[in-house]
Amino acid sequence: MKKKKTVYILDSLIEMTQSRDRELIALSMVKTLYQLLEAKKIELYAVQKESDAVVLKLLARNDAYGLSSRIDFAAKKIAVKPGEAIIQCIDQRTQVTLTLPGGELEVIFPIQDEEGDVVGLLINITCKDCREKNQLTRGILQLYQNYLSLLEDSQRDVLTGLLNRETFVNSLNKVINKTAKKSQAKTNPKSTRRKLAEKESVYWLGLIDIDHFKRINDDFGHLYGDEVLIMVVSIMKASFREEDLLFRYGGEEFIAVIKAPTNEDADIAFNRFRQAVEEFQFPQVGQVTVSLGYVKISTGDFPLTFVNKADKALYYAKEHGRNCIHDYDCLITQGQLESKTDTDDLGDGFDAF
């Protein structure tokens, strides 16, 4: 029996580390611990700190209803109140066990990063005392976090820390799939997710280019050019929300995938970033500006189709004064751009795919 359990654990760990998809990794790990601990419920959370408050974001869950991920329940953030056991677990970086009113046990495990900070929590609700399995549980959780850290390093741009180009297509495909699910929910009158889907925002892809970046490198040198890139990224992170996807697409080009209810809201969000860059005084260099083209992400198209459309809007911005933003669909409606086949004019910048 013990040999079978060992084989099960090894097989589960192999399955977990075969994937490069964070969601699938989380699901695999939660499924493994749900079976191993004979739990009634297992929940995995990411821990975030916002405005001096601790916020939990549900990543995966396994209970009597089955295995589910953040996509299934549109992960909402949960604010943790001072004095709760979760705060004790985070502050003391130690496991906490509670006895619930019905006699069940709630065991909270901290998940720590390389610096020892608690970045995640696993909550196990069970009828059994699993103390003999706690060390094994902690080991699996640390292996999970170590693997995520290695994955993080491989998916980030070394200079800016943004997601790199290699992760872009996979990330955008996920967004397209989410958009398709929402569209199906809206058209299905019996869907329990219909109302939720109607309220949720749509996604927009913005392609950003630093104006006259070559001139900055030529006039001030590449060290100052790198500094400009780093500062622009810092402004990006401050301008957009945590859940928005930010990529360094190549050189001085970046991509932001954001959620916004309408075209007007997307325009405000992108323009807020553009204006923040314009108003910032870069050391030695002075004023730097960006141009941006964006497009609504819909179903039925490939990731490069959206990049191609955003690139056309970006080119229009470059040709009409720079330091401005343009929406591809608005340009088409206004007759400023000609709609071509989706794969036309992809250009040299797309051959990496």
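The values are calculated or read from the model by the stated rules, or taken from the named source; none is laboratory data. This is a predicted model, so every value here is computed, not measured. Heads up, the Cβs are rebuilt from the backbone with ideal geometry, glycines too, and the neighbour counts pull from every protein chain shown.
Here are some notes:
- Leading residue by the ranking (nearest to the chain's Cα centre (by Cα)) among those in the range 256-284 that are closer than 22 Å to His222 by Cα and touching a residue at least 12 places away in the same chain (Cβ under 8 Å): Val277
- Taking the criterion of being closer than 20 Å to Asp329 by Cβ and at pLDDT 60 or above, the residues of the range 184-229 that qualify are Ser201, Val202, Tyr203, Trp204, Leu205, Gly206, Leu207, Ile208, Asp209.
- Check on Tyr144, within 15 Å of the chain's Cα centre (by Cα), surrounded by 13 or more Cβ atoms within 10 Å (Cβ to Cβ) and either modelled with pLDDT of 90 or more or closer than 27 Å to Val257 by Cα (or both): no
- Subset tally (residues that are over 19 Å from Ser171 (Cβ atoms), of a type outside the set (Asp, Glu) and in contact (Cβ under 8 Å) with a residue 12 or more places away in the chain) for the range 1-36: 16
- Filter pass, Glu166 being under 22 Å from the mean Cα position of the chain (by Cα) and of a type outside the set (Ser, Thr, Tyr): yes
- Strands (runs of 3 or more DSSP E) lying entirely in the range 37-115 (those with 2 or more residues that are closer than 22 Å to Cys127 by Cβ): 41-50, 53-63, 66-69, 96-99, 105-112
- Among the residues listed as Met16, Met29, the single one being at pLDDT 90 or above and not β-branched (Val, Ile, Thr): Met29
- The residues on offer are Lys312, Lys237, and the sole one that is within 19 Å of Asn164 (Cβ to Cβ) and surrounded by 14 or more Cβ atoms within 10 Å (Cβ to Cβ) is Lys237.
- Enumeration of residues in the range 37-49 that are touching a residue at least 40 places away in the same chain (Cβ under 8 Å) and not β-branched (Val, Ile, Thr): Leu37, Glu38, Ala39, Lys40, Lys41, Glu43, Leu44, Tyr45, Ala46, Gln48
- Among the residues here, Ile108 qualifies as assigned by TED's automatic domain parsing to the domain that holds Leu37 and under 16 Å from Val30 (Cα atoms).
- The number of residues in the range 241-285 being under 20 Å from Lys77 (Cβ atoms) and of a type in the set (Phe, Trp, Tyr) comes to 0.
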